[in-house]
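Asker: Would you mind keeping the following structure in view while I ask a few things?
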Amino acid sequence: MIAARHLIRLAALALVACLAACSTVSPVRSPVGPISAPPSTVANNVLIRAIGLVGTPYHWGGNTPESGFDCSGLVDYVFRTEAGIDLPRTSREIAALDAPRISIKHLKAGDLLFFGHRHHVNHVAIYVGNGRFVNAPDTGGTVRLDRLDGYYWRDHYLFAKRVLTPSVRAALAAN
């Protein structure tokens with residue numbers, strides 16, 4: 001189990017290296033802090049942190065790498081530690097944030113994806129690019145990378161929001 005977890009993390013780090021190589025902005029943290037850093041730098045930091053958590057156990061109500069994560073705990077942890085913003089605790093509350101909705105054609109790394117049934121949000125994830133996202137999907141599982149065109153996800157995708165804009169970041173950081 002431990003060896004498999006290390007292999008998953010190693011594969012995730014390789015993916016980060018590939019994605020970062022295509023980036024025009026270094027994935028290094030900004031020395032001026034998360035709120036004043038350019039959105040692309042913060043998005044890279046969010047991406048690297050999220051992918052680095054692949055393999056962490058799922059735990060309902062969990063919100064740290066040590067305790068494990070549920071979907072909203074994972075998203076809040078990543079955005080709090082890498083973007084300096086606290087998000088609400090549940091996927092429905094995060095979905096209700098005053099942030100721009102983004103068409104699936106215009107997704108960028110760091111956008112939040114919302115899934116559910118009949119327009120009721122019950123899951124949130126972090127888009128990492130190339131049709132893939134990081135999420136903590138279910139009891140007994142782990143944080144993992146999934147594809148938007150996967151059978152379950154394709155049928156349950158509702159919408160996306162961008163919280164890594166300067167105005168939304170500032171408003172969330174002020175709370």
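Asker: Tell me the residue from Val128, Val143, Val168, Val121 that is without any contact (Cβ under 8 Å) to a residue 40 or more places away in the chain and touching a strand residue (DSSP E or B) at 6+ places or on another chain (Cβ under 9 Å), please.
Answerer: Criteria check complete, one pass: Val121.
Asker: Same structure, new question: Ile85: on the phi < 0 side of the Ramachandran plot, part of a loop (DSSP other than H, G, I, E, B), among the β-branched types (Val, Ile, Thr) and surrounded by 17 or more Cβ atoms within 10 Å (Cβ to Cβ), yes or no?
Answerer: Yes.
Asker: Still on this structure: Does Arg101 satisfy the condition of being closer than 26 Å to Pro57 by Cα, among the basic types (Lys, Arg) and surrounded by fewer than 19 Cβ atoms within 10 Å (Cβ to Cβ)?
Answerer: Here the answer is no, as Arg101 does not meet what is asked.
Asker: Same structure, new question: Within the stretch 68-87, which residues are at pLDDT 95 or above and over 15 Å from Ile126 (Cα atoms)?
Answerer: Passing the criteria: only Gly68.
Asker: Suppose we filter Leu15, Leu7 for residues that are under 21 Å from Val124 (Cβ atoms), more than 14 Å from the chain's Cα centre (by Cα), modelled with pLDDT under 50 and not in a loop (DSSP other than H, G, I, E, B); which single one remains?
Answerer: Matching residue, one of Leu15, Leu7: Leu15.
Asker: In the stretch 107-144, which residues are buried (at least 18 other Cβ atoms within 10 Å of the Cβ) and among the acidic types (Asp, Glu)?
Answerer: Matches in the stretch 107-144: Asp111 only.
Asker: Going through Val134, Val75, Val163 one at a time, which residue ends up being within 21 Å of Ile51 (Cα to Cα), assigned to a helix (DSSP H, G or I) and touching a helix residue (DSSP H, G or I) at 6+ places or on another chain (Cβ under 8 Å)?
Answerer: Answer to the check: Val75.
The values are calculated or read from the model by the stated rules, or taken from the named source; none is laboratory data. No experiment lies behind these values; they were computed from the predicted model shown. Cβ: placed from backbone, ideal geometry, glycine included. Neighbour counts: every protein chain shown.
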